[in-house]
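Trainee: Have a look at this one before I ask anything.
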Amino acid sequence: MNPFILAAILVAPLATTVAFARRLDARHLRRLVASTLAGTFVIGLGVIALTVSGADAQSTTPVVAAAQTDPGAPETTTSNPIDTGAAFIGAAIAVAASAIGAGIAVAYTGSAALATVSEQPELFGRAMVVVGLAEGVAIYGLIVAVLILGNV
């Protein structure tokens, strides 16, 4: 499936959320954003499932190249394109989830650190260490994505 079509399908619910966001109070806005993100996630999984199930049978079997040309050569296989796509999706989910988690953690720890430093400026170093630890969650997600893509 064309990535631009997939992006348009996934962005459409988010664009409608932005249109309605100005008229809602905070509680209803949170519900709308949560339901929109859940709906976008379900639509994305459905598109991925349709793409994977629509793949032809030849692309799911590994190709043995060296055994056909030279009987004494060791067998080499190419990677499965569906497995490659799943690896990219897994890496993207690892990065996205860790970045969202790190953003939430930095928001809470950053505001608490700012409040602490405004009252006691000598605690600046300790406060920044806590914010840095929260930011490290995103780095762990990047490391997991590199490890996943290193095996593709």
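The values are calculated or read from the model by the stated rules, or taken from the named source; none is laboratory data. Remember, predicted model here, so these are calculated numbers, not experimental data. Virtual Cβ from ideal backbone geometry, glycine too; neighbours counted across all protein chains shown.
Trainee: Search the range 96-152 for residues being under 25 Å from GLY85 (Cβ atoms) and not in a helix (DSSP H, G or I), and hand back the single one that is modelled with the lowest pLDDT.
Mentor: In this case the residue turns out to be VAL152.
Trainee: I'd like to know if the range 90-101 contains one or more residues that are more than 17 Å from the chain's Cα centre (by Cα) and polar (S, T, N, Q). I'd like the intermediate steps shown before the answer.
Mentor: Here is the first cut: in the range 90-101, the residues more than 17 Å from the chain's Cα centre (by Cα) are none.
Looking through the range 90-101, none of the residues is more than 17 Å from the chain's Cα centre (by Cα) and polar (S, T, N, Q).
Trainee: Return yes when ILE148 is surrounded by 16 or more Cβ atoms within 10 Å (Cβ to Cβ) and either touching a residue at least 12 places away in the same chain (Cβ under 8 Å) or closer than 27 Å to ALA7 by Cα (or both) and no when it is not.
Mentor: Numbers: surrounded by 16 or more Cβ atoms within 10 Å (Cβ to Cβ): yes; either touching a residue at least 12 places away in the same chain (Cβ under 8 Å) or closer than 27 Å to ALA7 by Cα (or both): yes.
In short, yes.
Trainee: Please name all residue pairs, on different chains or six or more residues apart, with Cβ atoms under 8 Å, provided the first residue is in the range 121-134 and is more than 13 Å from TYR108 (Cβ to Cβ) and assigned by TED's automatic domain parsing to the domain that holds SER98 and the second residue is part of a helix (DSSP H, G or I) and of a type outside the set (A, V, I, L, M).
Mentor: That search, which allows pairs on different chains as well, returns LEU123/THR116.
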